[in-house]
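The values are calculated or read from the model by the stated rules, or taken from the named source; none is laboratory data. This one's a predicted model, so the numbers in the text were calculated from it and none came from an experiment. Here Cβ is always computed from backbone atoms with ideal geometry, including for glycine, and neighbour counts include all displayed protein chains. Accessible surface is based on the protein model in full, side chains and every heavy atom, while ligands, DNA and RNA are left aside. Shrake-Rupley method; radii C 1.70, N 1.55, O 1.52, S 1.80 Å.
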Amino acid sequence: MMSWTLFTDGASRGNPGPAGAGAALFDAEGRELAARSLHLGHCTNNAAEYRALLLGLQTALELGCARLDIRLDSELIVRQLQGRYKVKHETLKPLFEEVRQLLARLEGWSVAHVPREQNKRADHLANQGIDGTGR
């Protein structure tokens, strides 16, 4: 079964500050299947990163995705998902658990860190979320 690729990014101007989430989902041939942005109100950058991942996972599951390659420019969240770092911050724990519940609904998944330059689409969507111009 083919894997889809999910790029997500959360952004917070001020950290904490006005925040947005962005997610872009691509099929195995690199065609964009979905692009989502969400205005988050006021939160930290790490919380915005988790909310962006949740947005992307929900979108992928709604579209019937079974296998997902997740790409993030947040090393912290990648390492937490890989089990290399513990989730210590109390506000991130419920977000982490919600991510794990959604991941459990997939047949398979992987997560990897990508440089910011490779995450431009999701970054653009996250900034649209902050500005309230997204979809």
Residue selected from segment 109-129 under the condition touching a residue at least 24 places away in the same chain (Cβ under 8 Å) and basic (K, R), by the criterion least open to solvent (accessible area, probe 1.4 Å):
R121
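Matching residues to (1) small (G, A, S); (2) free of Cβ contacts under 8 Å to residues at least 60 places away in the same chain; (3) surrounded by fewer than 24 Cβ atoms within 10 Å (Cβ to Cβ); (4) within 20 Å of E117 (Cα to Cα):
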| position | (1), (2), (3), (4) |
| --- | --- |
| S3 | yes, no, yes, no |
| G20 | yes, no, no, yes |
| S37 | yes, no, no, yes |
| G41 | yes, yes, yes, no |
| T44 | no, yes, yes, no |
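So which residues in segment 14-27 are at pLDDT 95 or above and either more than 25 Å from L68 (Cα to Cα) or outside any strand (DSSP E or B) (or both), if there are any at all?
The answer is P16, G17, P18, A19, D27.
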Inspect segment 85-93 for any residue being farther than 22 Å from P16 by Cβ, open to solvent by 20 Å² or more (accessible area, probe 1.4 Å), more than 14 Å from the chain's Cα centre (by Cα) and of a type in the set (D, E) and give the result as yes or no.
no
D69 being surrounded by 13 or more Cβ atoms within 10 Å (Cβ to Cβ), acidic (D, E) and touching a Pro at 6+ places or on another chain (Cβ under 7 Å):
no
